[in-house]
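Novice: This structure is in structure tokens; I'll ask about it shortly.
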Amino acid sequence: MAYHHEYTSNGNYRDVFDGKIYEVLHNAKVKVGDVKQDYTYFDLVTNIAHGLASDGFAPFKSQKQTCWPLLIINYNLPPKICFHFENLICVGVIPGLRKLKNFDSFLWPLVVELLELSLGVKSYHGVEEKFFQLRAYLILCTGDMPAMQ
């Protein structure tokens with residue numbers, strides 16, 4: 001889980017942590033709403049970088065019905081394993097007829113939880129045997145064009 005904290009860039013784009021967004025966030029104070037917090041993004045090894053992925057598909061041959069899984073990717077894991085099935089978190093599946101009409105309404109509960117995680121939630125560190133504030137940040141969203149519109 002410390003991959004992002006130990007990662008060093010060699011100047012090439014090999015990972016999400018080589019991107020400009022991560023570079024800017026890494027040096028910025030966390031801002032929730034209009035309130036700046038007294039800590040920066042990814043200042044602790046326990047901070048988690050997440051990505052959100054969604055892509056619609058037709059589960060049946062008739063293709064009248066569609067499903068849109070909402071998957072959270074944990075970028076704290078090395079790239080060789082972060083996309084493995086057992087490491088993806090399915091936070092929801094949106095059913096629909098063909099193209100989605102109101103994608104945002106399905107995302108709202110996730111947005112609320114992500115805001116809470118950016119402020120920190122009390123968690124227990126099993127290795128260090130103590131409590132700490134776990135913070136997680138959504139740094140990337142991916143999907144096909146209908147999912148991203």
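The values are calculated or read from the model by the stated rules, or taken from the named source; none is laboratory data. Computed from a prediction, not measured in an experiment: that's the story for all the values here. Counting neighbours? That spans all protein chains shown, and the Cβs are built from the backbone with ideal geometry, glycine included.
Every residue, every condition in (1) modelled with pLDDT under 85; (2) at positive phi; (3) in a helix (DSSP H, G or I), yes or no:
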site	(1), (2), (3)
Gly11	yes, yes, no
Phe17	no, no, yes
Val30	no, no, no
Asp43	no, no, no
Leu52	no, no, no
Pro59	yes, no, no
Ile73	no, no, no
Asn76	no, no, no
Leu107	no, no, yes
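Novice: Being under 18 Å from Ile72 (Cβ atoms), of a type in the set (A, V, I, L, M, F, W, C), without any contact (Cβ under 8 Å) to a residue 60 or more places away in the chain and surrounded by 14 or more Cβ atoms within 10 Å (Cβ to Cβ): is that true of Phe17 here?
Specialist: Judged against the criteria, Phe17 is a match.
Novice: If you take the residues in segment 111-140 that are part of a strand (DSSP E or B) and either modelled with pLDDT under 90 or in contact with a helix residue (DSSP H, G or I) (Cβ under 7 Å, 6 or more places away or on another chain) (or both), which one is farthest from Asp43 (Cα to Cα)?
Specialist: Leu140
Novice: So is Cys67 under 15 Å from the mean Cα position of the chain (by Cα) and part of a strand (DSSP E or B) or not?
Specialist: No.
Novice: With the condition kept exactly as written, say whether any residue in segment 102-109 is out of contact with any helix residue (DSSP H, G or I) (no Cβ under 6 Å at 6 or more places or on another chain), of a type in the set (Gly, Ala, Ser), farther than 20 Å from Phe17 by Cα and surrounded by 13 or more Cβ atoms within 10 Å (Cβ to Cβ).
Specialist: no
Novice: Identify all residues within segment 78-95 that are hydrophobic (A, V, I, L, M, F, W, C) and modelled with pLDDT of 90 or more; write none if there are none.
Specialist: Within segment 78-95, Ile81, Cys82, Phe83, Phe85, Leu88, Ile89, Cys90, Val91 meet the criteria.
Novice: So Ala2 fits all but one of (1) under 19 Å from Arg135 (Cα atoms); (2) touching a helix residue (DSSP H, G or I) at 6+ places or on another chain (Cβ under 9 Å); (3) exposed (fewer than 14 other Cβ atoms within 10 Å of the Cβ); (4) among the small types (Gly, Ala, Ser); what number is the exception?
Specialist: (2)
Novice: Of everything in segment 96-105 that's outside any helix (DSSP H, G or I) and of a type in the set (D, E, K, R), which residue is modelled with the highest pLDDT?
Specialist: Lys101
Novice: Let me ask something else. Assess whether Ile81 counts as being surrounded by 15 or more Cβ atoms within 10 Å (Cβ to Cβ), under 17 Å from the mean Cα position of the chain (by Cα) and under 28 Å from Arg14 (Cα atoms).
Specialist: When the stated conditions are applied, Ile81 does not pass them.
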